[in-house]
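**Student:** Before we start, here is the structure in question, set down as structure tokens.
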Amino acid sequence: MGYTGVAGPEHERPWAAIDGEERRDVIPAERQHLILAQLAKKGILSIAELTELLEVSHMTVRRDLQQLEKAGRVMTVSGGVRLPERLALEPSHVVKSGIRPDEKARIGRTAAALVPEDAVIYLDAGTTTLEIAHDLAGRRDLTIVTNDFVVAAFLTGNSDCRLYHTGGQVERENQSCVGEGAAEGIRRFNFDLAFVSASSWTIGGISTPAESKVVVKRAIVQSAARSMLVCDSSKYGIVAPINAVPLDAFAAVITDRGLPDSVAQAVRAEGVDVILAE
């Protein structure tokens, strides 16, 4: 969708309707409300459009956008901003296994190379963490915990690591366990390193459409000395209904080179490293 131009005639300017005259002393919450309202109409807006529309500086607009992006309300793009994509239902394991397999394989190799000797690690449910399992299969020194049946089955038949499954409520579509039962299984351990998956994430953190997964994600990061988010770049800019874990709970995000430089810079500004898989 292309940009739609400047604000328009005087009677269409946003602050004209406030107290019958234009307002230049509008508080950030009012500006941000207007940004969201305009995006709902147009889908995408440039920074230049917003400065004209709001009658404020580029710096003020960018501060407003940073706050909105951290809250998962908007996504910045080159020179502008758009509404985030929405994830209403997480894809099944079968569907996810066919999505960006090469990127996932590279992320898996990169993540596996970061696992120290004799470590206790957690592999979250997902096809990217399955790739990590593939690359760790030859390690006999590790203790690996997972809530994923596919990961557990692969490691059962292809490794000599000490292996645990969390148990919990079975989610058939994703072939994993969720809910408080899985979270209790996770809390039994002290992980040196945890690899967490996500189908949707932003500068604000990871989100999920399934409430039963929230308690699992939170238990993982609370039980780990270091947690790393592992997901390909296509997952960035997608928002699900329920917030799970803030981004600054992770030591790093491991992803592919499709992640825009501007996003990588914003993530690092939050104190989170960005590791791009080769």
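The values are calculated or read from the model by the stated rules, or taken from the named source; none is laboratory data. Predicted model, so just to flag it, every value in this text is computed and none were measured. Don't worry about glycine lacking a Cβ; one is built from the backbone with ideal geometry, like all the others, and counts go over all protein chains shown.
**Student:** Answer with yes or no whether E184 is out of contact with any Asp or Glu (no Cβ under 8 Å at 6 or more places or on another chain), in the same structural domain as Y122 (by TED's automatic domain parsing) and either crowded, with 20+ Cβ neighbours inside 10 Å or not aromatic (F, W, Y) (or both).
**Tutor:** yes
**Student:** Also, quick follow-up: Considering A133, A105, A119, A113, which residue is assigned by TED's automatic domain parsing to the domain that holds F154 and surrounded by fewer than 15 Cβ atoms within 10 Å (Cβ to Cβ)? If you could, list the steps in order and put the result at the bottom.
**Tutor:** Numbers: A133 fails: surrounded by fewer than 15 Cβ atoms within 10 Å (Cβ to Cβ); A105 fails: surrounded by fewer than 15 Cβ atoms within 10 Å (Cβ to Cβ); A119 fails: surrounded by fewer than 15 Cβ atoms within 10 Å (Cβ to Cβ).
Testing whether each residue is assigned by TED's automatic domain parsing to the domain that holds F154 and surrounded by fewer than 15 Cβ atoms within 10 Å (Cβ to Cβ) leaves just A113.
**Student:** Going by the structure shown, is A194 touching an Asp or Glu at 6+ places or on another chain (Cβ under 9 Å), buried (at least 17 other Cβ atoms within 10 Å of the Cβ), touching a residue at least 12 places away in the same chain (Cβ under 8 Å) and assigned to a strand (DSSP E or B)? Even if it seems obvious, please write down each step before you answer.
**Tutor:** Details: touching an Asp or Glu at 6+ places or on another chain (Cβ under 9 Å): yes; buried (at least 17 other Cβ atoms within 10 Å of the Cβ): yes; touching a residue at least 12 places away in the same chain (Cβ under 8 Å): yes; assigned to a strand (DSSP E or B): yes.
Criteria met by A194.
**Student:** In addition: Does the range 142-171 hold any residues that are surrounded by fewer than 19 Cβ atoms within 10 Å (Cβ to Cβ), within 21 Å of P116 (Cα to Cα) and small (G, A, S), and which are they?
**Tutor:** S159
**Student:** Right, here's the next one. Suppose we filter the range 141-160 for residues that are closer than 16 Å to V94 by Cβ and without any contact (Cβ under 8 Å) to a residue 12 or more places away in the chain; how many remain?
**Tutor:** Of the residues in the range 141-160, 1 are closer than 16 Å to V94 by Cβ and without any contact (Cβ under 8 Å) to a residue 12 or more places away in the chain.
**Student:** Among (1) over 19 Å from the mean Cα position of the chain (by Cα); (2) under 20 Å from P260 (Cα atoms); (3) at pLDDT 80 or above, there is one condition L68 misses while meeting the rest; what is its number?
**Tutor:** (1)
**Student:** A follow-up question, please. Do the conditions hold for S227, that is, is it of a type in the set (S, T, Y), in contact with a helix residue (DSSP H, G or I) (Cβ under 6 Å, 6 or more places away or on another chain) and assigned by TED's automatic domain parsing to the domain that holds V145?
**Tutor:** Working: of a type in the set (S, T, Y): yes; in contact with a helix residue (DSSP H, G or I) (Cβ under 6 Å, 6 or more places away or on another chain): yes; assigned by TED's automatic domain parsing to the domain that holds V145: yes.
Yes, satisfied.
**Student:** Right, here's the next one. Only one of (1) assigned to a strand (DSSP E or B); (2) touching a residue at least 40 places away in the same chain (Cβ under 8 Å); (3) surrounded by fewer than 21 Cβ atoms within 10 Å (Cβ to Cβ) is not met by S207, so which one is it?
**Tutor:** (3)
**Student:** Which number in (1) in contact with a His (Cβ under 9 Å, 6 or more places away or on another chain); (2) among the hydroxyl-bearing types (S, T, Y); (3) under 18 Å from R188 (Cα atoms) marks the one condition that T127 misses?
**Tutor:** Answer for T127: the failing condition is (3).
**Student:** Pairs only if they're at least six apart or on different chains, beta carbon under 8 angstrom, first in the range 120-140 and within 11 Å of F195 (Cα to Cα), second hydroxyl-bearing (S, T, Y) and assigned to a strand (DSSP E or B); list them, first residue then second.
**Tutor:** Here the result reads I121/T143; Y122/T146; L123/T146; D124/T146; A125/T146; A125/S176; T129/T146; A133/T146, each pair linking the range 120-140 to a residue that is hydroxyl-bearing (S, T, Y) and assigned to a strand (DSSP E or B).
**Student:** With respect to G271, is the statement that it is farther than 20 Å from P101 by Cα, in the same structural domain as E117 (by TED's automatic domain parsing) and in a loop (DSSP other than H, G, I, E, B) true? Please lay out each step first, then the result.
**Tutor:** Values: farther than 20 Å from P101 by Cα: yes; in the same structural domain as E117 (by TED's automatic domain parsing): yes; in a loop (DSSP other than H, G, I, E, B): yes.
Yes: the conditions hold for G271.
**Student:** Going through the range 72-98 one residue at a time, which ones are among the β-branched types (V, I, T), surrounded by fewer than 20 Cβ atoms within 10 Å (Cβ to Cβ) and either touching a helix residue (DSSP H, G or I) at 6+ places or on another chain (Cβ under 7 Å) or within 16 Å of L259 (Cα to Cα) (or both)?
**Tutor:** Our first condition is that a residue be among the β-branched types (V, I, T); within the range 72-98, this holds for 74, 76-77, 81, 94-95.
Narrowing the set further to residues that are surrounded by fewer than 20 Cβ atoms within 10 Å (Cβ to Cβ) leaves 77, 94-95.
Correct list: V77 only.
**Student:** Based on this model, can you work out whether D160 counts as of a type in the set (D, E), out of contact with any Ser or Thr (no Cβ under 8 Å at 6 or more places or on another chain), in the same structural domain as V267 (by TED's automatic domain parsing) and assigned to a helix (DSSP H, G or I)?
**Tutor:** no
**Student:** Take S78 and decide whether it is under 20 Å from the mean Cα position of the chain (by Cα), at pLDDT below 85 and assigned by TED's automatic domain parsing to the domain that holds P241.
**Tutor:** Numbers: under 20 Å from the mean Cα position of the chain (by Cα): yes; at pLDDT below 85: yes; assigned by TED's automatic domain parsing to the domain that holds P241: no.
When the stated conditions are applied, S78 does not pass them.
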